[in-house]
Amino acid sequence: MASEIFILDDDPAFLQELRRELVGSYKIIVGASVADFWREFGPRRFELVVLDMRLEQAKEGLEVLRAIQRIDPYQPVVVATAYADTETYLESLQAGALLYVDKTCHTPAGLALLFDAVIQQGRLRREQGVTTRLLKRMDPVDMVGTSEEIQALRGAVESAVATGARMVVFAGEPGSGRELAARNHHARQIGRTTLPLATLPRQEMSANDIQRLLTGFTSSTGRRRGLLEDAHGGGLVVRYADHMPGSVLSFLVDSFERRAFQTEGIKTAHPLDAVLYLICERPELLEKILGQGQAVVVMVPPLRERKTDIPLLASYFLEGQRQRGSEGCNSLAPAAAAALMSYDWPGNVAEFKAALEYGAVLASAEDAESIEVRHLPVTMVAGIADPAGRRWDLDYQEARMQVVIVDDAIAELATTNKTKLAAFLRIQTPTTLTRRIERALDRYPELGDKFPKTAEAFGREAITSRR
């Protein structure tokens, strides 16, 4: 049966032309009034609803759009009008329309192509909504395992909740579940399980720009809300806190201690009742800024120290795939489980999850009943990771890619001039380029051995030269 599209428009000529373009691919249902529409509409019935903004009265289409979104928030809607203006454009997008088009600027054939694209976007949007609901039912903040290490982690989280700490540091190796532990802490706070948890993303920005992102600011287009306002009443997660500029961390610590912060251009302080979650690898780098006794530090153990949790983790992740409707293989053969237990997991739980997904895809391709040893990544089965143990370390791979690109640019331009390199790589300033590469080489010194030209250009010696 063809997918259905409803077109609500009172222009007979437009309806006839558009219907001619769409018929065959879709079943077209048309209406000229709001009453016509409500006689036909039902949740999940239509692949797409096309609304005229103005019918018998002004902006009736906008009211219909708002009503649709209340009934079915994942219903794809296109607003089409012959009287386009900025005000109705903004109102339509804010009300939930996926597309706003001026009928006078598009042929019916062109509109049909646009509608096809919106239908695909709408399908993805609905699938993501279903996945999100399933994940919520699976307790996404549960720390899975029965090992002594995971029990100690649960105890540390419960202790941090009991103390009422306003700053909690979750420290450990990348991929070990630091953010998961932070969300677990957040969910355990009595009466606060549904309160907001904002996240400061990892971005290449100056300290001043990060602070503006946190506090908000006023621009020519109006006031921009900051992350601290989003965190009020809940919490703020700061990733890679041990790499954050000291001035930003000092500002955050001061604001969370005072329970207030100042926004650029506004004299009155904003209240800040929230918990600060600092995610890091090396907590000792935060000691000076955090001071004595003002923050609770929770250490998250790496997976290799709690291998007895691996069978349970495997069951948890594979069951999650099954509940999300994955067609991949959702069971693990005993020999494969033993192979997973013998591996050292330099990438921790993140690597473990990726390996299971990889194995499930290969097992499914063979129509196998279980994930066998042959379906696991070759280096893992052989017990051989890459020389630096970085195969599944996403941070390392990101740093390596940056260095590789700069090394190629040096060869291409036959220069190490940072201004020319930055312009060639379309990076805003030489300072930004320098900061990125220096950070990569400082964190992963072995890259200096592999790419000595780049290391020399950015003032970093290779490891071998120091031996």
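The values are calculated or read from the model by the stated rules, or taken from the named source; none is laboratory data. Keep in mind it's a predicted model, so treat the numbers as computed, not measured. Glycine also receives a Cβ, built like all others from the backbone with ideal geometry; neighbour counts cover every protein chain displayed. The area values use the complete protein model at the heavy-atom level, side chains included, leaving out ligands, DNA and RNA. Shrake-Rupley method; radii C 1.70, N 1.55, O 1.52, S 1.80 Å.
Miscellaneous remarks
- Of the whole protein surface, Tyr396 contributes about 10 Å² of accessible area at a 1.4 Å probe radius.
- Equivalent-ellipsoid semi-axes of the chain, from the Cα gyration tensor, Å, largest first: 45, 31, 27
- Backbone geometry of the stretch 281-289 corresponds, through the Karplus equation with coefficients 6.51, -1.76 and 1.60 at θ = phi - 60°, to 3J(HN,Hα) couplings of 9, 10, x, 5, 6, 9, 4, 5, 6 Hz, x marking Gly and Pro.
- Counting only protein heavy atoms and a 1.4 Å probe, the chain has 51 square angstrom of accessible area per residue.
- Each stretch of four or more DSSP H residues adds -39500 (n - 2.57); spread over every residue of the chain, this sum gives -14500 deg cm²/dmol at 222 nm.
- Cα-derived Rg over Rh, computed across the stretch 242-341 with Rh taken as Kirkwood radius: 1.21
- Accessible-area composition of the stretch 36-93, carbon plus sulfur, in percent [1.4 Å probe]: 49
- Under 18 Å from Lys59, Cα to Cα: lysines that are on another chain or at least 8 residues apart: Lys103
- Beta bridges by DSSP in the chain, antiparallel share as percent, to the nearest 5: 10
- Residue ranking by accessible heavy-atom surface, 1.4 Å probe, largest first, among Glu456, Glu47 comes out as Glu456, Glu47.
- Where Glu446, Glu351, Glu369, Glu63 fall by accessible area, highest first, once all protein chains stay in place (1.4 Å): Glu369, Glu63, Glu446, Glu351
- Amide H within-cut-off set for Val297, under 5 Å, with H built and near neighbours excluded: Val169
- Computed from phi, the 3J(HN,Hα) profile of the stretch 269-277 under the Karplus parametrisation 6.51, -1.76, 1.60 (θ = phi - 60°) reads 6, 8, x, 9, 9, 7, 10, 9, 10 Hz, with x in place of Gly and Pro.
- Cross-link pairs beyond the 25 Å C-alpha cut-off, checked among Lys353/Lys453; Lys307/Lys353; Lys288/Lys353: Lys353/Lys453; Lys288/Lys353
- For the chain, with +1 on Lys and Arg beta carbons and -1 on Asp and Glu, the positive-most of Ile71, Leu441, Pro311 along the dipole: Leu441
- Within the full protein context, the accessible area of Tyr74 is estimated at about 70 Å² for a probe radius of 1.4 Å.
- Counting heavy atoms of the protein chains alone, Glu40 has an accessible area of about 70 Å² for a 1.4 Å probe.
- Largest to smallest accessible area among Lys453, Lys103, Lys59 [probe 1.4 Å]: Lys453, Lys59, Lys103
- Cα long-axis angle, helix 310-323 against the chain (0 to 90 degrees, to the nearest 10): 10
- Rounded D (µm²/s) - the stretch 44-100, Kirkwood Rh over Cα pairs, Stokes-Einstein at 4 °C, 1.567 mPa s: 116
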